[in-house]
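Working notes, beginning with the structure itself.
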Amino acid sequence: MIATTSPPTARADRTFWLSFVIVVALLAVAPVVLPAFWRRFATEILIWGLLAMSSDILIGYTGMVSFGHSAFFGLGMYGAAAALLTVRPPSLWLAILYGLVGAGAVAVFVAFFATRLRDIYFSITTLVFSQIFYVVIFTWTDVTGGENGLNFRQPALGLPGLGETAFTPTSLHWFVLAVVTLSYLLLRRITRSPFGMVLQSIRENEPRTRAIGYAVERYKIVAVMLSGLFAGLAGVLYAIQNKFAAPDFVFFLISGEVVIFNVMGGVGTLVGPIAGAAFFLLLREGLSRYFEYYLIPVGIIFTLMVIFLPQGFLGFLRRRLNQ
Amino acid sequence: MAIPLDQILIQTVNGLVNGMILALVASGLTLIFGIMDVVNFAHGDLVMLGGFVGATTMAATGNFWLAMLVAALTIALIGAVLQITTLRPLLGRDPLTTILATFGMSLVLQKYALWQWGPSARQLQEPITGRFDLFYLQYPWYRVATAILAGAIIGGLWLFLKRGTYGIWIRATTQDRIMASAMGIPVPWVHTAVFAIGAAMAAASGVLFGPLGGVTQTMGADFTLRAFIVVVVGGMGNLGGSILASIFISLLEAYASLFVSPAQAVIVSFVALILTLLFRPTGLFVPTPK
């Protein structure tokens, strides 16, 4: 997994912020100009993009492929459901808080056990953990609604000092965009901080990082927790958009899709996974109109990309542009 | 709550039978991992595909054993093609890329099965219909035969690895890929052959499992997960360990289902995996590494 952050120069910085502003502006205008179906689609891409970005901290920056992100995402959903079903009146912020607590609790658990292992062992352990939570949620019908999941009403958008208004598809899109943009900026800052550098050095050479004197395990635990919290946030957003929480979203196929987003877009870039999510969802949307078993061509494209484009679209573009 | 002794004994037999089928799946997975460091995410889907090919052949010919042979050969061929097209280009890259590639493979295989055979389960006819008395149950002989046959296939594999010329090639490749290559062993073809053998064993277990649990296109993920658990508990890349672990885990699940529903009994094996990873990450059934 190769991905390097080039040393920041003033010019590269200016180009970055310029393109950042343009992309965010385009995404902000999107719900106003797009028809209802694509408006919803754009919001969904942002949410899955956030989930993919959260897993990039592990896959791209620390070199640990997590096959358990569905657990964090799902617990975020169920956490939000808990807040919206038990607390009157339903509050958006409380839903986010509960979702983060839920995902965070799972993340502590997974981080504590899984980070003792490396490579494929880590992947398998995260996969097994997500299946444990799936089985628990699937069979504990009294609390989680079992196979049917939980339905609830959408909370209103309440901003401190501004009162409450019900979400419209457009304002929901803006809200999601704001959350995802802030998360991106935060994650970008984190990955460029000394902490982020240590994570990347773990990816490049773990024994050497340890020899230098870094407590590698502690860094990994924090990385998993950070990743889990952002994945949980994505789960909360998805729950609010769709007004339900279902066990399907804890199933490991979701984790697999997250890995696909990352590989398609380019690991270790943060933006890449979002682009990968967009590409995957568009591909699915386009293909499923003509072919019911769209995952066959998607799977073939994915496998080909693993072989021929291991750095994803973004890594490929970056290399081409640097030539 | 006291559990009657006869129920415990019945569950022991059930656990042993399930354990042998699982061992057949897991030994293929172990073989593939031990020799080429490939974590085959699509292994369960090869089991599933084998079951379907077996069911189709069975419907055409009515002969169970022929169906098993055809399934094993077909899936071995498919496995060889998959290995050449997707895994061979990845040789020498980060082992994590093989997880990704085989995951993509698994998606394709599963959806292909859904496309070809539809979502409903196929039940295979038992080739041996006799039953014997086991306490209050009429226990089918077929289940016992399954365990014996699975054991025989694994035993055959072991003999082949121990005695056959090509088995020695395989073991040499496991120990030192570069040295084996220098001695004139065609390492890439050994890899292909091993993948094909693993795939054939997976297909055979799919057919054997057919009369017991039916063949569905979603069974692959379940088998993959269980085989992974077993392989890690038994010690990655260790054939004997993964067989013992298969029986151990299946027995645990069988006993657990005396108390809780089978869906929840799976958690017991998850817990066994986590405890193994925490206290003995090299695996339960292997000697402590020096």
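The values are calculated or read from the model by the stated rules, or taken from the named source; none is laboratory data. Predicted, not measured: the structure shown is a model, and the values here were computed from it. Every residue, glycine as well, gets a Cβ built from its backbone with ideal geometry; the counts of neighbours run over all protein chains shown.
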Checklist outcome for this item: For segment B:155-172, pairs from a residue that is surrounded by 11 or more Cβ atoms within 10 Å (Cβ to Cβ) to a residue that is hydroxyl-bearing (Ser, Thr, Tyr), with Cβ under 9 Å and 6 or more apart or across chains, are B:157/B:27; B:158/B:27; B:160/B:166
Checklist entry - Hey, residue B:265 hits all of (1) within 11 Å of chain A (Cβ to nearest Cβ); (2) over 16 Å from residue B:15 (Cβ atoms); (3) not in a loop (DSSP other than H, G, I, E, B) but one; which does it fall short on? => result (2)
Item to check | Verdict on residue B:109 being more than 18 Å from residue B:35 (Cα to Cα) and either of a type in the set (D, E, K, R) or without any contact (Cβ under 8 Å) to a residue 24 or more places away in the chain (or both) | outcome: no
Item to check | Cross-chain or 6+ apart pairs with Cβ under 7 Å, segment A:239-254 first and under 14 Å from residue A:48 (Cβ atoms), then aliphatic (A, V, I, L, M) and part of a helix (DSSP H, G or I) | outcome: A:239/A:77; A:239/A:80; A:239/A:81; A:241/A:47; A:241/A:172; A:249/A:77
Next on the checklist: If a residue must be over 13 Å from residue A:251 (Cβ atoms), within 14 Å of chain B (Cβ to nearest Cβ) and either β-branched (Val, Ile, Thr) or part of a helix (DSSP H, G or I) (or both), how many such residues does segment A:63-82 contain?
Outcome noted: 1
Item to check | Single residue of B:53, B:25, B:47, B:38 found to be crowded, with 24+ Cβ neighbours inside 10 Å and modelled with pLDDT under 85 | outcome: B:38
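Residues that are in contact with a Gly (Cβ under 7 Å, 6 or more places away or on another chain) and not charged (D, E, K, R): find the helices (runs of 4 or more DSSP H) completely inside segment B:137-229 holding 2 or more of those. Show your work before the answer.
On the way: elements: B:141-163, B:165-175, B:177-182, B:187-213.
It comes to B:141-163, B:187-213.
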Item to check | Single residue of B:270, B:279, B:248, B:223 found to be buried (at least 24 other Cβ atoms within 10 Å of the Cβ) and aromatic (Phe, Trp, Tyr) | outcome: B:223
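Does any residue of segment B:235-258 turn out to be of a type in the set (Val, Ile, Thr), in contact with a Leu (Cβ under 6 Å, 6 or more places away or on another chain) and in contact (Cβ under 8 Å) with a residue 40 or more places away in the chain?
Scanning segment B:235-258, I find no residue that is of a type in the set (Val, Ile, Thr), in contact with a Leu (Cβ under 6 Å, 6 or more places away or on another chain) and in contact (Cβ under 8 Å) with a residue 40 or more places away in the chain, so the answer is no.
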Item to check | Condition broken by residue B:276, with the remaining ones in (1) free of Cβ contacts under 8 Å to residues at least 40 places away in the same chain; (2) under 18 Å from residue A:116 (Cα atoms); (3) out of contact with any Ser or Thr (no Cβ under 8 Å at 6 or more places or on another chain) satisfied | outcome: (1)
Next on the checklist: For segment A:281-297, give me the residue count where each residue is over 16 Å from residue A:45 (Cβ atoms), in a helix (DSSP H, G or I) and either at the interface with chain B (Cβ under 8 Å from one of its Cβ atoms) or within 23 Å of the chain's Cα centre (by Cα) (or both).
Outcome noted: 2
Next on the checklist: Regarding segment B:15-27, can at least one residue be identified that is over 20 Å from residue B:234 (Cβ atoms) and of a type in the set (A, V, I, L, M)?
Outcome noted: no
Checklist outcome for this item: Across segment B:231-259, the tally of residues that are within 20 Å of residue B:278 (Cα to Cα) and β-branched (Val, Ile, Thr) stands at 4
Next on the checklist: So the check is Cβ under 7 Å with 6+ separation or different chains; which pairs have a first residue in segment A:121-141 that's touching a residue at least 12 places away in the same chain (Cβ under 8 Å) and a second one that's charged (D, E, K, R)?
Outcome noted: A:138/A:147
Checklist entry - Within segment B:186-196, can you find the residues that are among the aliphatic types (A, V, I, L, M) and surrounded by fewer than 24 Cβ atoms within 10 Å (Cβ to Cβ)? => result B:187, B:190, B:193, B:196
Checklist entry - Is it true that some residue in segment A:191-200 is among the small types (Gly, Ala, Ser), under 24 Å from residue A:238 (Cα atoms) and either within 18 Å of the chain's Cα centre (by Cα) or crowded, with 18+ Cβ neighbours inside 10 Å (or both)? => result no
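Out of A:219, A:214, report the one residue that is more than 14 Å from the chain's Cα centre (by Cα) and free of Cβ contacts under 8 Å to residues at least 24 places away in the same chain.
A:214
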Checklist outcome for this item: Note on segment A:88-134: residues more than 14 Å from chain B (Cβ to nearest Cβ) and more than 19 Å from the chain's Cα centre (by Cα) are A:88, A:89, A:90, A:91, A:92, A:93, A:94
